[in-house]
């Protein structure tokens, strides 16, 4: 019932659903997966971050805070600081993964939207000694 109301109000107030960008926080992982599925069934593209991380890296996370946002052309990115609450990262989709220190981030080739964020993280952590 609540999903129906949300979809009804979206269609009422949003004139161009295709251009809609949003971020939702749910009470549980199961609820996030349910809402993502319902949005997709209604023709509104949606991804569930916890599901994708479980599928791609075999981990469950706890989002801690929104780190920053980045817009590049028509794409909007939300970077979230999170902690791994279960599992060990394992590659199931990607070819390579590695842990690096914040000051090492600028040594990698990033897509334009991520490059500014990598530089910001690197600068913010210059004073931290590990």
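Values quoted throughout were computed directly from the atomic coordinates according to the rules given, and no laboratory measurement underlies them. Computed from a predicted structure; not experimentally measured. Cβ coordinates were reconstructed from backbone atoms using ideal geometry, including for glycine residues, and neighbour counts include every protein chain displayed.
Between residue 66 and residue 122, the FRET efficiency from the beta-carbon distance, with R0 = 22 Å, is close to 0.70. Computed on the chain, with alpha-carbon pairs under 8 angstrom and 6+ residues apart, the relative contact order is 16 percent. At full extension, residue 29 and residue 113 could sit 27.5 nm farther apart than now, given 0.36 nm per residue minus the alpha carbon distance. Extending 7 Å from Cα along the Cβ direction at residue 12 and again at residue 101 yields two label points whose distance is 5.5 nm.
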